[in-house]
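Engineer: Below: one structure in structure tokens.
The values are calculated or read from the model by the stated rules, or taken from the named source; none is laboratory data. Because the structure is a prediction, the values reported are computed rather than measured. With ideal geometry, Cβ positions are generated from the backbone for all residues, glycine too; neighbour counts draw on all protein chains shown. The area values use the complete protein model at the heavy-atom level, side chains included, leaving out ligands, DNA and RNA. Shrake-Rupley method; radii C 1.70, N 1.55, O 1.52, S 1.80 Å.
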Amino acid sequence: MTASREAPVTLRSSRWFAPKDLFGFLHRTALRSEGFSDIALSGRPVIGIANSHSELVSCNLHFDALAAAVKRGVQAAGGLALEFPTISLSEMLTKPTTMLYRNLMSMDVEEMIRSSPLDAVVLVGGCDKTVPAQLMGAASAGVPAIALTGGPMQPGSFRGRRIGAGTDIWRCTDDLRAGRMSPGEYAELEAATRPGVGHCSEMGTASTMATLTEALGMSLPGSAAVPATDARRGALAEETGRRAVEIAQEGLRPADILTLEALENAVTALAAIAGSTNAVLHLIALAGRLGVDLPLDRFDRIAARTPVLTNIQPAGEYLFEDLQRAGGVTALLGELAPLLHLEALTVTGRTVGENIAGAEVWDRDVLRPLDAPLQPVGGLAVLRGSLAPDGAVIKASAATEGLLAHRGPALVFDGIDDLLDRIDDPDLPVVADTVLVLRGAGPKGAPGMPEWGMLPIPRKLLAQGVTDMVRISDARMSGTGYGTVVLHTAPESAVGGPLGAVNDGDEILLDVSARRLDLCVAPQEVSRRLAQRPLPDRPYRRGYGSIYLDHVLQADAGADFDVLRHRPGEAETEPRGLLEGWISGW
Ligand code: FES
């Protein structure tokens, strides 16, 4: 089904610029002072370009060139492009964690769109949190929007090996700690690992979110995996600008695209790429902005019927740019067609089925067929049990098979400082069967739910050749991470969740096939311990941190703010007191 939106909508921007009165005068004059002429102001669709370019975010350094290409497309289609900056978030530099600020960036994007005379917006983003923040903000603003993700960086090269920007670092760091790599080699790796602009080159969170943005129908087909420095990305940017003018005229809003069917398509894609567990949080939060119910268990159900098709690190061997060589996300969705809602509308104005018609696969080692997948079931599983009453997540595709059913004694770390102080202590009471537990690392506890969930293997075990252990936390994990790592345990210990009741030596049972995560301690004893355990002090008493603590939800609600979720009957898509009513009373 193709969207039929023949009747052009009244442009939102006309409320600012059309009135022949003082206010119209003032608004037009604001643009005249930028040098725009009558021609530019004569009722053209105004297209905002939300640019997350920042010299603090190396992945986004090419965004000014992309924004320039978007402008070319907007102008060629008869629109007026106005670029504006937003907060940007760097996985590498922003402390304590970008997740603390994802919701802040989404509010920045939402309020800039809502308060400005825009008929549509192009979202230019490309590090882990910038893309979900932009999608969430645009969904809440309700103005037509189209996303342009930044593309992956080129692979690094280290001693004759092609390397990625994350997974190889974790492996080499273990090698360094185990004495298998010298400090000199490690320094050489540091210089080689990120050879240019673009997002991390594996199926980390940024590649995952780029893939899901396309699967959601919010970016152009075939756009996600085109490398950052590939000239075709400039052409895609131009085409995105051109399409932005059309969606402004059609009035095609995010809520028209981001339906339950679209979100389920994204979950299917997430499972098929063995994507980042962070995407679970982002998709739930995005659904919450639209009033769409996307419970955690839906991820499990969809993953259980979806094979892993992409052979990309950390679950496989290749890098994200190789998916482009194999046919891109269009080809991936083509392979997944029997599992998708093909009738879902996309930002092209066409359905998913129409977008992927005729898609071909050019490299079957990178992108496997449904009947001969990389792994028979999807990359993630949702666990429940006495240790995670509201759920926990494991990326089973990147775990050690033999640890997916495991019972072992707990060794507990109370926060990251305790972990760092003790993990390499030669006297640490740990064996390969030990279950490492980190608490105080959730949305409120850390705060911000940092990517601390891939706890390092204790040095003394690394020296014995141990490469993986069961690790459990209320934290997140980098999308490039791997191991038998249970994440997002909810409720977190800082709000009284059962992780807080675990003592050293308690037996913990992990059974991924049964979807269980249990603390093998009598429930009365767990209740007694929790009643005696004081909740942590509030780490922020003023500013954004304090607001965050007042409003952030748990992982099973996507760690969004309660006040940012959709409230039926309270849609607020326009600034209050916008011109018409105000002027008529002037
Ligand atoms: Fe930006 Fe990985 S650090 S995408």
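Engineer: Could you calculate the FRET efficiency of Glu190 with Arg325 from 1/(1 + (r/R0)^6), where r is the beta carbon distance between them and R0 is 25 Å, rounded to 0.05?
Structural biologist: Efficiency computed from Cβ-Cβ geometry: 0.35.
Engineer: Moving on. Of Leu258, Leu339, which has the most accessible area with a 1.4 Å probe, and how do the rest follow in descending order?
Structural biologist: Descending order: Leu339, Leu258.
Engineer: Mind checking the full-extension length gain between Asp433 and Glu525? Use 0.36 nm per residue of separation minus the Cα-Cα distance, one decimal, nm.
Structural biologist: Residue separation times 0.36 nm, minus the Cα-Cα distance, leaves 30.7 nm.
Engineer: Please report the spacing between the Cα centers of region 540-566 and region 95-157 in Å, no decimals.
Structural biologist: If you average the Cα positions of each part, the centres end up 18 Å apart.
Engineer: Percent of accessible area on the chain owned by carbon and sulfur, 1.4 Å probe?
Structural biologist: Result for the chain: 53 percent of the exposed heavy-atom area is carbon or sulfur.
Engineer: If you don't mind, another one. Take every DSSP beta bridge whose two residues both sit in the chain, then give the antiparallel share in percent to the nearest 5.
Structural biologist: 40
Engineer: A follow-up question, please. Could you work out how far apart the two model spin labels at Arg159 and Phe36 are, taking each label as a point 7 Å from the Cα in the direction of the beta carbon, and quote it in nm?
Structural biologist: It is 5.7 nm.
Engineer: On to the next question. Cα centroids of region 208-265 and region 314-329: how far apart, whole angstrom?
Structural biologist: Here the two parts' Cα centres lie 19 Å apart.
Engineer: With a ≥ b ≥ c the root eigenvalues of the C-alpha gyration tensor of region 19-110, is it rounded (a/c under 1.5), prolate (a/b larger than b/c) or oblate?
Structural biologist: prolate
Engineer: Please sort 264-271, 245-252, 205-212, 373-380 by packing, taking for each peptide the average over its residues of neighbouring beta carbons within 10 angstrom, highest first.
Structural biologist: 205-212, 264-271, 245-252, 373-380
Engineer: In addition: From the protein chains alone at 1.4 Å, what is the descending order of accessible area for Asp371, Asp363, Asp417, largest first?
Structural biologist: Descending order: Asp371, Asp417, Asp363.
Engineer: Here's something else I'd like to know. How much area per residue is accessible in the chain when the probe is 1.4 Å and only protein heavy atoms are counted (Å²)?
Structural biologist: Each residue of the chain exposes 37 Å² on average to a 1.4 Å probe.
Engineer: Here's something else I'd like to know. For the chain, what number of Lys pairs, 8 or more residues apart or on separate chains, have alpha-carbon atoms under 28 Å from each other?
Structural biologist: Counting lysine pairs in the chain gives 9.
Engineer: Okay, next question. Going by a ≥ b ≥ c, the root eigenvalues of the Cα gyration tensor, does the chain fall in the rounded group (a/c under 1.5), the prolate group (a/b larger than b/c) or the oblate group?
Structural biologist: Cα axes put the chain in the prolate bin.
Engineer: Right, next: For the residue pair Asp293 and Asp21, what label-to-label distance in nm results when each label sits 7 Å from Cα along the Cα-to-beta-carbon direction?
Structural biologist: Result: 4.5 nm between the two label points.
Engineer: Additional query: Which FRET efficiency value, to the nearest 0.05, do you get for Asp537 and Glu111 by plugging their Cβ-Cβ distance into 1/(1 + (r/R0)^6) with R0 = 35 Å?
Structural biologist: After rounding, the FRET efficiency stands at 0.65.
Engineer: Equivalent ellipsoid semi-axes for region 59-110, as square roots of 5 times the alpha carbon gyration tensor eigenvalues: give them largest first, rounded to whole Å.
Structural biologist: 28, 14, 6
Engineer: Per the helix-only calculation at 222 nm, which mean residue ellipticity applies to the chain, given -39500 (n - 2.57) for every DSSP H run of n ≥ 4 and division by its residues, nearest 500 deg cm²/dmol?
Structural biologist: -10000 deg cm²/dmol
Engineer: Give the residues of region 390-433 whose amide nitrogen is closer than 12 Å to a point set 7 Å from the Cα of Lys460 in the direction of its Cβ.
Structural biologist: Only 423-432 fall inside the zone, counting backbone N under 12 Å.
Engineer: Also: Please compute the length gained on full extension between Ala68 and Arg422, using 0.36 nm multiplied by the number of residues separating them and subtracting their Cα-Cα distance.
Structural biologist: 122.4 nm
Engineer: On to the next question. Taking a ≥ b ≥ c as the square roots of the Cα gyration tensor eigenvalues, with a/c under 1.5 meaning rounded and otherwise prolate when a/b beats b/c, else oblate, which class fits region 399-449?
Structural biologist: Judged from the Cα gyration tensor, region 399-449 comes out oblate (a/c at least 1.5, b/c at or above a/b).
Engineer: May I ask you to work out the translational diffusion coefficient for region 285-364 at 20 °C, viscosity 1.002 mPa s, via Stokes-Einstein with Rh from the Kirkwood sum over Cα pairs, reported in whole µm²/s?
Structural biologist: 148
Engineer: For region 348-496, take N as its residue count and report Rg(C-alpha) divided by 2.2 N^0.38 Å.
Structural biologist: 1.28
Engineer: On a 1.4 Å probe surface of the protein chains, which of Trp170, Trp16 comes out largest in accessible area, and what is the full order?
Structural biologist: Reading off the accessible areas and sorting them downward yields Trp170, Trp16.
Engineer: Let me ask something else. Modelled label-to-label distance, Thr173 and Leu549, 7 Å Cα→beta-carbon offset: nm?
Structural biologist: A separation of 2.7 nm, rounded to one decimal place.
Engineer: Next question, about the same structure. Rounded to two decimal places and with Rh computed the Kirkwood way over Cα pairs, what is Rg over Rh for region 491-566?
Structural biologist: 1.06
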